[in-house]
Protein chains: 2
Amino acid sequence: MKVSLQDLKQTTLAVLARSGYPLDEAQTILDVLMYAQLRGNNQGVVKLIGAGMPRHKEVQPIKTVKETKLSALLDGGRNSGMVLMKYAVGLALDKAREHGFGIVGTHNTKSSTGAIGYYANHIAQEGFIGFVFSGSGEYVAMHGAYQPLFGTNPMAIGVPTGGIPIVFDMATSAVALFGLVEAKTAGRSIPPDVAYDANGQPTTDPSAALAGAIRTFGGYKGAALSMIFEILTHELVETRHLIDGHKDDWGNLVFVIDPELLTDSDSFKERVAALIERVKASKKLPGVEEILIPGERGNRILDDIIRTDLVEIEENLWTQLQKAAS
Amino acid sequence: MKVSLQDLKQTTLAVLARSGYPLDEAQTILDVLMYAQLRGNNQGVVKLIGAGMPRHKEVQPIKTVKETKLSALLDGGRNSGMVLMKYAVGLALDKAREHGFGIVGTHNTKSSTGAIGYYANHIAQEGFIGFVFSGSGEYVAMHGAYQPLFGTNPMAIGVPTGGIPIVFDMATSAVALFGLVEAKTAGRSIPPDVAYDANGQPTTDPSAALAGAIRTFGGYKGAALSMIFEILTHELVETRHLIDGHKDDWGNLVFVIDPELLTDSDSFKERVAALIERVKASKKLPGVEEILIPGERGNRILDDIIRTDLVEIEENLWTQLQKAAS
């Protein structure tokens with residue numbers, strides 16, 4: 001079904017208010033959720049139904065644990081991952097504006113940062129190249145294993161172009177955690193090669209997969225990326241483990257590179273725009289109408305929404321969202 | 001067949017001398033080639049047969065085009081990609097030692113940097129996290145296309161562990177260019193889903209693939225990574241294009257991050273070592289004897305070679321290498 005953008009935003013804000021967020025935090029979370037929802041990404045308002053994402057009972061102010069001219073390690077004080085990442089990205093941008101590079105890590109949150117393409121997009125819109133990594137709990141098994149150890153460990157990269165940035169946001173898992181949650185909610189099965197059940201057998205049942213382990217994408221390459229991004233979002237940023245070794249803390253890492261470190265920013269953007277043209281003009285496979293660059297599919301969906309003021313949303317999700325708002 | 005390590009190295013050095021390299025450059029190139037050859041990676045001495053990699057006739061000294069405290073852009077003066085990258089990595093390490101971060105880009109070479117895991121491994125052995133990207137010519141098509149535009153665009157990441165570093169080195173192409181060259185030389189076919197012929201039809205013939213385009217790995221995710229790494233190794237580092245738009249210049253990018261920017265290096269290495277233990281101890285799929293971490297398979301091969309002083313090499317390759325040396 002379709003709802004008006006205004007209705008969707010107001011309902012989402014109402015859910016966030018009921019989830020305990022003050023208005024400034026709710027506005028930040030709304031922005032991150034809408035970035036995904038309005039681009040057809042499954043990191044949108046589905047996060048607010050079911051258990052949802054209530055504000056932690058004992059939120060503390062974000063604290064700086066370690067800081068250098070180029071870097072900071074932040075204690076997130078159990079804030080929303082989205083509120084924390086907005087702060088972290090702003091700090092990394094400030095450092096990159098002054099020195100050409102900024103890197104900020106976070107620990108002490110245990111909530112989703114949402115679609116991390118949001119932050120990479122923001123960095124690229126400011127004229128910088130951004131790398132964003134986001135850790136989480138034990139969902140994904142290493143290549144050759146079926147015991148969940150890693151998060152879905154996404155990476156997003158943003159590149160300025162002069163126009164709309166190139167933004168690429170990928171999980172290193174074969175399916176996103178919310179992909180499983182969505183399939184379970186909708187009563188759908190999942191592809192046969194994306195997850196194992198708790199006994200290490202391939203499964204198409206999202207509930208069995210949630211009790212088992214998600215696989216990494218792209219064979220051993222995806223597994224290696226997943227393990228390295230695990231290190232960047234846990235071991236490097238001092239996340240906390242429980243006594244039994246389980247993770248109780250979802251770390252994050254962002255770094256920002258000023259193209260001016262190597263070249264002239266304006267001519268860089270021109271060269272990227274020219275590459276985009278060459279890619280889009282390259283010979284298409286049979287049946288391919290248009291070659292899309294990273295981020296473009298989502299931007300098309302967004303354009304349609306802005307033009308029509310209508311957002312496509314599953315009826316069941318909209319009903320549950322309205323219930324959560326009231 | 002097996003040859004002694006000493007014989008292999010001496011023969012390789014002889015080929016490099018005949019290819020026009022002075023001894024210091026030959027030693028650098030030998031190190032890079034052996035890193036691959038002794039780990040079962042296809043970026044080894046196969047590069048020296050056939051057209052080989054003769055030193056460019058008009059090599060100029062490496063020049064610094066732009067420099068800041070954190071960064072440098074280098075004009076490679078048509079030097080060997082390996083000689084240039086060794087210099088670039090050393091410079092990035094110097095900057096990271098002083099400031100916590102160093103980034104160096106290169107242009108004006110048109111020769112292979114070899115297995116870029118070599119450089120990532122070196123950076124990690126020095127206690128830093130390294131990201132290495134290497135550009136090349138038009139071999140790989142964007143998702144949805146069959147016209148070659150991108151290089152095989154590998155990325156290597158090195159992470160210090162206290163012991164042997166974690167090193168991950170992957171092409172973003174479904175198969176390495178030298179994988180095609182090797183298959184052609186050996187008269188083997190290639191898998192059906194890694195390349196297109198010049199008309200955009202999937203092909204298992206390596207010659208047809210070399211005249212067509214290689215596909216990216218891992219579907220649209222691999223394609224997006226390939227495009228972004230293309231930007232990092234060309235548009236960001238000011239590579240030169242011919243008037244017809246073709247690339248005449250293979251750029252490179254390396255950046256080095258000191259873990260001390262965020263945490264204590266020694267405790268970081270301990271945490272990484274503990275993660276490696278958890279990964280290796282995780283529940284194995286049926287038929288899996290051991291879970292290997294990135295780089296470990298190659299290190300096992302290297303250990304065997306060091307123990308026995310014997311290197312496995314295809315007889316045909318060894319014969320051609322000896323011919324090139326004499």
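The values are calculated or read from the model by the stated rules, or taken from the named source; none is laboratory data. Every value quoted in this text rests on a predicted model; they were computed, and no experiment measured them. We place every Cβ from the backbone using ideal geometry, glycine too, and count neighbours over all the protein chains shown.
Which helices (runs of 4 or more DSSP H) does the range B:250-326 wholly contain that include 3 or more residues that are more than 8 Å from chain A (Cβ to nearest Cβ) and of a type in the set (S, T, N, Q)?
B:315-325
When residue B:244 is evaluated against the numbered criteria (1) assigned to a loop (DSSP other than H, G, I, E, B); (2) charged (D, E, K, R); (3) within 25 Å of the chain's Cα centre (by Cα); (4) at pLDDT below 95, which criterion, by number, is the only one it fails?
(3)
Among the listed residues B:15, B:46, B:32, B:89, which satisfies the condition of being closer than 21 Å to residue B:301 by Cβ, crowded, with 24+ Cβ neighbours inside 10 Å and not aromatic (Phe, Trp, Tyr)?
Answer to the selection: B:32.
Has the range A:165-177 got any residue that is crowded, with 24+ Cβ neighbours inside 10 Å, farther than 19 Å from residue B:291 by Cα and among the polar types (S, T, N, Q)?
No.
So which residues in the range B:153-190 are of a type in the set (D, E, K, R) and under 16 Å from residue B:257 (Cα atoms)?
Once the filter is applied, which keeps residues that are of a type in the set (D, E, K, R) and under 16 Å from residue B:257 (Cα atoms), the range B:153-190 yields nothing.
Is at least one residue of the range A:4-24 charged (D, E, K, R), farther than 20 Å from residue A:258 by Cβ, under 19 Å from the mean Cα position of the chain (by Cα) and at pLDDT 95 or above?
no
Conditions first: (1) within 28 Å of residue B:41 (Cα to Cα); (2) buried (at least 24 other Cβ atoms within 10 Å of the Cβ). Residue B:111 passes all but one, so which condition is the exception?
(2)
Considering only residues that are within 13 Å of the chain's Cα centre (by Cα) and aliphatic (A, V, I, L, M), look in the range B:119-151 and name the one that is nearest to residue B:176 (Cα to Cα).
So, considering only residues that are within 13 Å of the chain's Cα centre (by Cα) and aliphatic (A, V, I, L, M), the one nearest to residue B:176 (Cα to Cα) is B:132.
Between a residue in the range A:184-206 that is at pLDDT below 95 and any residue that is of a type in the set (Asp, Glu) and assigned to a loop (DSSP other than H, G, I, E, B), which pairs come within a Cβ distance under 8 Å, given they are 6 or more apart or on different chains?
A:186/A:314
Give me the residue from the range A:229-249 that is surrounded by 24 or more Cβ atoms within 10 Å (Cβ to Cβ) and free of Cβ contacts under 8 Å to residues at least 12 places away in the same chain and, out of that set, farthest from the other protein chains (Cβ to nearest Cβ).
If we take residues in the range A:229-249 being surrounded by 24 or more Cβ atoms within 10 Å (Cβ to Cβ) and free of Cβ contacts under 8 Å to residues at least 12 places away in the same chain, then A:231 is farthest from the other protein chains (Cβ to nearest Cβ).
Considering only residues that are buried (at least 24 other Cβ atoms within 10 Å of the Cβ), part of a helix (DSSP H, G or I) and either more than 14 Å from chain A (Cβ to nearest Cβ) or of a type outside the set (A, V, I, L, M, F, W, C) (or both), which ones fall in the range B:114-124?
Passing the criteria: B:117, B:118, B:119, B:121.
I need the full set of residues from the range A:267-294 which are within 23 Å of residue A:42 (Cα to Cα) and out of contact with any helix residue (DSSP H, G or I) (no Cβ under 7 Å at 6 or more places or on another chain), in order please.
A:292
When the residues of the range B:44-101 are filtered to those that are among the basic types (Lys, Arg) and within 13 Å of chain A (Cβ to nearest Cβ), which remaining residue is farthest from the chain's Cα centre (by Cα)?
So, considering only residues that are among the basic types (Lys, Arg) and within 13 Å of chain A (Cβ to nearest Cβ), the one farthest from the chain's Cα centre (by Cα) is B:69.
Filter the range A:126-150 for residues that are in contact with a Pro (Cβ under 6 Å, 6 or more places away or on another chain), away from chain B (no Cβ under 11 Å) and surrounded by fewer than 24 Cβ atoms within 10 Å (Cβ to Cβ) and give the result.
Within the range A:126-150, A:127, A:139 qualify.
Name every residue in the range B:193-226 that is assigned to a helix (DSSP H, G or I), closer than 17 Å to residue B:179 by Cα and either within 9 Å of chain A (Cβ to nearest Cβ) or out of contact with any strand residue (DSSP E or B) (no Cβ under 7 Å at 6 or more places or on another chain) (or both), in order of residue number.
B:206, B:207, B:208, B:210, B:211
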